[in-house]
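No value in this document is a laboratory result; all are computed from the given coordinates. Treat the numbers as computed from the prediction; the structure is a model and nothing was measured. Heads up, the Cβs are rebuilt from the backbone with ideal geometry, glycines too, and the neighbour counts pull from every protein chain shown.
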Amino acid sequence: MIKIVNHEKNRGLASAIKTGINHATGELTVTLDADFTYHPRQIKKLIDRYNKGDVDLVIGSPFLTGEYSSDIPRYRIWLSRTGSLLYSIALGEKISCISAIFRLYKTKHLKDIDLNPTPTPKGGFSINAEILAKLLFKNCRVVEIPATLTVREYGESKINNLREIVTQLGLVSKIFWWRITKS
């Protein structure tokens, strides 16, 4: 079943994801942008991998095979790869694309975590990394599969790169702290 829930006014990615989680009722939840940077046709790949029965979360990553459109600015790819490297070090897990929104989750796991994304105006892009970190700390099994990232078909980017870098570095620091205090 597909359920569409709207905010009357754009409140940012973190609010959209939290609202989606609150309204999710099925066994599985898929997250993806509405701008088709990851086309919905790829959802079947997430489901097929999940159905092997050995994971709790499937992440679609363009970095596993370099499957991204040549129209995507190189600096965005570099920023994403660098951020993923820092998060992987903080988490102690090798994950090629931490920030990817294209994911399939067990809904019950999403509902069992407390999300506190760093508030930013119409932002909150760090929520994807926060969800991943909290699920890994709960020993959820994570796998990545290749997914093609393309240039958005609809809308325009709302990301402020400098603000997002600062926010992401703050979350990387929190993850190091969570990991140290969890031990």
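Going from the fewest other Cβ atoms within 10 Å to the most, the residues Ser99, Ser70 appear in the order Ser70, Ser99.
Find out how many positive minus negative residues lie around Arg49, taking Lys and Arg as positive, Asp and Glu as negative, among other residues whose Cβ is under 14 Å from that of Arg49. Surrounding charge for Arg49 is +2. Here the simple spin-label model places points 7 Å from the Cα toward Cβ, and for Met1 and Asp33 these points are separated by 3.0 nm. Counted by Cβ distance under 12 Å from Gly26, the other residues give a net charge of +3, where Lys and Arg count +1 and Asp and Glu count -1. Taking 0.36 nm per residue of sequence separation and removing the Cα-Cα distance, the Glu93/Asp48 pair yields an extension gain of 13.9 nm. Kindly provide the Kirkwood hydrodynamic radius of the chain in Å, to one decimal, from all pairs of distinct alpha carbon atoms. After inverting the mean inverse Cα-Cα distance, the result is 16.7 Å. Net length available on complete extension from Asn116 to Lys138 is 6.3 nm, with 0.36 nm assigned per residue and the Cα-Cα distance removed. Normalised by the number of residues in the chain, the average gap of Cα pairs under 8 Å and 6 or more apart makes the relative contact order 34 percent. Checking the Cα-Cα distances for Lys45/Lys108; Lys45/Lys174; Lys9/Lys45; Lys9/Lys134 against a 26 Å cut-off, the pairs over it are Lys45/Lys174; Lys9/Lys45; Lys9/Lys134.
Once the chain from Thr107 to Ser70 is taken as fully extended at 0.36 nm per residue, the excess over their C-alpha distance is 9.9 nm.
Grab the other residues whose beta carbon is less than 13 angstrom from that of Asn116, score K and R as +1, D and E as -1, and report the net. Here the count lands on +1.
For region 13-182, the share of DSSP beta bridges that are antiparallel, to the nearest 5, is 55%.
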